[in-house]
Amino acid sequence: MQFPELRLRRLRKSPTIRDMVRETMLTSNDFIYPLFIIHGKNKKEEIKSMPGIYRYSVDRIMEEVDEIYELGIPAVILFGIPEKKDEHGSSALDDSGEVQQAVKKIKKKYPDMVVITDVCLCEYTSHGHCGILTKSGYVDNDATIEVLAKEALSHARAGADIVAPSDMMDGRVLAIREKLDEHGYENVAILSYSVKYASAFYGPFRDAAESAPAFGDRKSYQMDPANIREAIREASLDIDEGADMIMVKPALSYLDVISLLAEEYPFPLVAYNVSGEYSMVKAAGKMGWIDEKKVMMEILLSIKRAGADLIITYHAKEAAKLLRENKKF
Ligand code: PBG
């Protein structure tokens, strides 16, 4: 009898055997690419804190979408940066807003591309909070979900396949489902940002979307990073209200949460590999401190291994290119 660990070594000795016994497979079909749509014309602006990621005006968005489509990435998630912001985030409801126009444009050229829209008010409010504020400066949950349902309806009317509320208000999934059904959009799915932590990893996104809160923080509506049992409560509420898919965000510091929800719920599970996670890899790569591509693939693989079915990631294009070249990592 040999030492039992030799069985492990024998399975690692050749690349072909390693491939055969690989448990987790990453493919470009796993990715959702985030796109920032900014007001104005003829704009393609690189986001300083997110190298390689741009904000496009609607007229130039297809430059990016063509590439995504050709790489075999099946879906995009859209974020709008409007010209006008006010206390109520009213431009979020504009049927000819940036996101709505972009949805129409993408669906017209690529009807089979899955278009997801982020449903939130933080990019549209002058104060940068995710909802309507009461006089005392708290987010008014009930007034906010009314507006979110209308925002989701406007995205559905434009042709969105999936709406993704990221605000963390209570009852918004039900309010959105009812509003969509009432207007004949039974086939539009809801991907709920169910488990969204109050995280410092969103920093670069807030530069990109101009959505940092002008005062205070989001701790009253986003989750405490210390909690995991609460994630089950958040996810089950959203599922009861009608969410078709659920999300954990951020991904990397929350792999345990992804793993728990993957076991707990037979619903598609999405992980958001957020801006700060992306930018750290880029920065360290630029300094020559890590092998950027290998680290990127290892991170994406770890998110999938933890149990995510799909990954929203700014790395999607680069990773899809490497996968297409059939590079081994
Ligand atoms: C809110 C929203 C945020 C992100 C996605 N949707 C920001 C926030 O909650 O402050 C963050 C995504 C990222 O960091 O990549 N609309």
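Okay, here's what the table says:
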{"quantity": "Between segment 265-309 and segment 8-26, the alpha-carbon center distance in angstrom", "calculated": "22 Å"}
{"quantity": "Rounded tilt (10° steps) of 255-264 against the dominant C-alpha axis of the chain", "calculated": "80 degrees"}
{"quantity": "Contact order relative to length of the chain, as percent, for alpha carbon pairs under 8 angstrom and 6 or more apart", "calculated": "17 percent"}
{"quantity": "Segment 82-130: C-alpha gyration tensor shape, a/c 1.5 cut-off, then a/b vs b/c", "calculated": "prolate"}
{"quantity": "Between helix 141-158 and the chain: long-axis angle, C-alpha atoms, 0 to 90°, nearest 10", "calculated": "80 degrees"}
{"quantity": "Nearby aspartates and glutamates by direct alpha-carbon distance to residue 321 (threshold 12 angstrom, same-chain neighbours under 8 apart not counted)", "calculated": "67, 70"}
{"quantity": "Along each principal axis, Cα extent of segment 24-324, largest first, Å", "calculated": "50, 46, 38"}
{"quantity": "Volume of the Cα convex hull of segment 139-204, divided per residue and given in Å³", "calculated": "99 Å³"}
{"quantity": "Spacing of the two label points (7 Å from each Cα toward its C-beta) at residue 14 and residue 309, in nm", "calculated": "3.7 nm"}
{"quantity": "Kirkwood hydrodynamic radius (C-alpha pairs) into Stokes-Einstein, segment 116-271, 10 °C and 1.306 mPa s, D in µm²/s", "calculated": "101 µm²/s"}
{"quantity": "Among 225-233, 304-312, 67-75, the order from most to least packed when residues are scored by Cβ within 10 Å on average", "calculated": "304-312, 67-75, 225-233"}
{"quantity": "Cα-based shape type of segment 1-155, given that a ≥ b ≥ c are square roots of the gyration tensor eigenvalues and the cut on a/c is 1.5", "calculated": "prolate"}
{"quantity": "Spin-label model distance (nm) - residue 215 vs residue 60, 7 Å beyond Cα toward Cβ", "calculated": "3.7 nm"}
{"quantity": "Ellipsoid semi-axes in whole angstrom, largest first, where each is sqrt(5λ) of the Cα gyration tensor of segment 284-329", "calculated": "18, 13, 10"}
{"quantity": "Helical mean residue ellipticity (222 nm; -39500 (n - 2.57) per DSSP H run of 4+; nearest 500) of the chain", "calculated": "-12000 deg cm²/dmol"}
{"quantity": "Integer Hz, Karplus 6.51/-1.76/1.60 couplings in order for segment 50-59, x for Gly and Pro", "calculated": "9, x, x, 10, 10, 9, 10, 7, 3, 5"}
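The numbers here are math on the coordinates, done by the rules we state, and not lab data. All values reported here derive from a predicted model rather than from experimental measurement. Methodologically, a virtual Cβ is constructed for each residue, glycine included, from the backbone with ideal geometry; neighbour enumeration extends over all protein chains shown.
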